[in-house]
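Worksheet: one structure, shown below.
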Amino acid sequence: MSVIINGGGISGVILALMLSKFTLGKLRINIIERLPSSLFSSAYDTRYIALSRNSYCTLMSFGISSILSSCSVAIKEIEVSFDNRDVVLSASDYQMSALGYVIELHSVTSKIFNMLNKLTSVDFFCPAKLQQIIRNRFDCSVILHGGREISAQLLIAADGSYSVLGDLCGIEWEFFDYKQVAVIANIVTALPHEGRAFEIFTCYGSVALLPILNSQSAVIWCIPISYKEEVLNWSSSEFCQSLQKIVKWKLGAILDVDKRYCFSLFLRKSKSHISHRLALVGNAAQTLHPIAGQGFNLGFRDVLNISKIISNANVRSMDIGDYNILKLYEKSRQLDQGRVITMTHGLVCMFNGSCFPLIFSGNFVLSAMRHSKLLRDIFVRTVLSW
Ligand SMILES: Cc1cc2nc3c(=O)[nH]c(=O)nc-3n(C[C@H](O)[C@H](O)[C@H](O)COP(=O)(O)OP(=O)(O)OC[C@H]3O[C@@H](n4cnc5c(N)ncnc54)[C@H](O)[C@@H]3O)c2cc1C
């Protein structure tokens, strides 16, 4: 039995890692990645993402603890604020060492990629691109540009927001444009972060600060698209001064900022997770607004679920691309996907200046959380278990 994964980003490499562990190397895994491996980390932005405690601990159990611990920082405290109201959630209140972890996305991806490269059950086609897909009743194959053909029982699209494999197989997507962009950069602050993360909501969007190296934090600043040019044209000191007005002096003076990258923000959700001999995972299945840092946490659960389902089928010598097996995967993802998309989309709307009643409810929610330990506990448990 074999599988073809299109896309060697974080979802693709973690999927390959899990499949190879669950099947003890007995499933042939082919990964097609459009970028040359030498460009893997350098071709990208320097994005840091927050993983929930649950995602991080599950990943640690897949033999990559040394990779993760060398590229991650523990979040000990999260301060959520809006309009001068704030709530502080602390790991120590829950007798935990961390509420979540910040990882450097592309270093983790390229380190896992290098690790997989050494496994005999994994074949990389890189750089390579799909030209044609052939799906038969009992198997499927892809033809790469250049004419090489690879056959398998199942295709998995892990090729990101605008999945070419999904398109070629006729998948349809729902799309909502937030008319916002996320500007990301790393800042140096006068005070060390001490593991503190900040989520600051404003009427114009949100700012997240994630702890990275000592005295450095990763900024994810979501702004209306109409401000994009202005913000990107700011000098470093104009950027630091404007950010300082929003972040206030939580980390002392903002001393410096490195290169800035910009992402358009939208919700793109596939109408189905599966099709004949095809499954979608990660951003190929859904791309979210980064407001609550849930994008890869949700994609990770796609990867975990499909790898368990396929491995179970493989152990029983069943056809891993059988529609009934893929249906199990789709069924296992619907509730989780719906819940996270509703929460993320609701948060973006709640803190969007065009909707005053929701601003009122934003204030109300934060005040209520501040005064109720029960509400804080529910919030922390929900976020940690994701
Ligand atoms: C600003 C920002 C902040 C974020 N913060 C968080 C956070 O705090 N927590 C969180 O959980 N998530 C966060 N996310 C979301 C997270 O970054 C994504 O969910 C995750 O990176 C998606 O990974 P992926 O592998 O599914 O897709 P991608 O990263 O898009 O990878 C797709 C891969 O497929 C390859 N590919 C594409 N097309 C082809 C093709 N035709 N043929 C072959 N290969 C192809 C690409 O080269 C790439 O390697 C954030 C996102 C943004 C934009």
Surface accessible to a 1.4 Å probe, Ser226 within the full protein complex, Å²: 100
Förster radius 30 Å - calculated FRET efficiency between Asp319 and Thr58 (Cβ-Cβ, nearest 0.05): 0.65
Local net charge near Leu304, Cβ-Cβ under 11 Å (Lys/Arg +1, Asp/Glu -1): +1
Asn233-Phe175 FRET efficiency (beta carbon distance; Förster radius 30 Å; 0.05 resolution): 0.60
Largest-first ordering by accessible area, 1.4 Å probe, given options Asp167, Asp302: Asp167, Asp302
Accessible-area order (highest first, 1.4 angstrom probe) of the listed residues Phe62, Phe176: Phe176, Phe62
Ellipsoid semi-axes in whole angstrom, largest first, where each is sqrt(5λ) of the Cα gyration tensor of segment 41-117: 28, 17, 7
Listed pairs Lys21/Lys129; Lys228/Lys308; Lys179/Lys373; Lys228/Lys271 exceeding 32 Å between Cα atoms: Lys228/Lys308; Lys179/Lys373
Nearest-ten-degree value, helix 10-22 long axis tilted from longest Cα axis of the chain: 50
Summed side-chain charge close to Gly9 - residues other than Gly9 whose Cβ falls under 9 Å, Lys, Arg +1, Asp, Glu -1: -2
Kirkwood Rh, angstrom, the chain [1 / mean 1/r, Cα pairs]: 21.8
Contact order relative to length of segment 44-168, as percent, for alpha carbon pairs under 8 angstrom and 6 or more apart: 20
Tilt relative to the chain, helix 373-385 - C-alpha long axis, 0 to 90 degrees, to 10: 30
P(r), alpha carbons of segment 1-79 - 5 Å bins starting at zero, rounded %: 3, 11, 19, 21, 20, 15, 6, 3, 1, 0
Rounded percent of accessible protein surface that carbon and sulfur make up, the chain, 1.4 Å probe: 55
Principal-axis tilt of helix 236-247 within the chain, Cα atoms, nearest 10 degrees: 80
Normalised alpha carbon radius of gyration of segment 129-174 [divisor 2.2 N^0.38 Å]: 1.15
Computed over segment 123-271, Kirkwood Rh from alpha-carbon pairs, angstrom: 18.6
Counted charge near Val315, where neighbours are those whose Cβ lies closer than 14 Å (Asp, Glu -1; Lys, Arg +1): +3
Dipole magnitude of segment 101-147, debye to nearest 20 (Cβ charges: Lys/Arg +1, Asp/Glu -1, about Cα centre): 100
Estimated inter-spin distance, Cys203 and Arg148, nm [label 7 Å along Cα→Cβ]: 5.6
Leu24 accessible area, 1.4 Å probe, all protein chains in place, Å² to nearest 10: 140
R0 of 51 Å, Cβ-Cβ distance Gln241-Asp167: FRET efficiency to nearest 0.05: 0.70
Tyr261 accessible area, assembled protein chains, probe 1.4 Å, Å²: 60
Per residue accessible area in Å² of the chain, where ligands, DNA and RNA are left out and the probe is 1.4 Å: 44
Considering only the chain, percent of DSSP beta bridges that pair antiparallel, nearest 5: 70
Amide H within-cut-off set for Leu154, under 5 Å, with H built and near neighbours excluded: Ser2, Ile4
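The values are calculated or read from the model by the stated rules, or taken from the named source; none is laboratory data. As the structure is a prediction and not an experimental result, all values here were calculated from the model. In this analysis, Cβ positions are derived from the backbone assuming ideal geometry, glycine residues included, and neighbour counts consider all displayed protein chains. Accessible surface areas use protein heavy atoms only, side chains included; no ligands, DNA or RNA. Shrake-Rupley method; radii C 1.70, N 1.55, O 1.52, S 1.80 Å.
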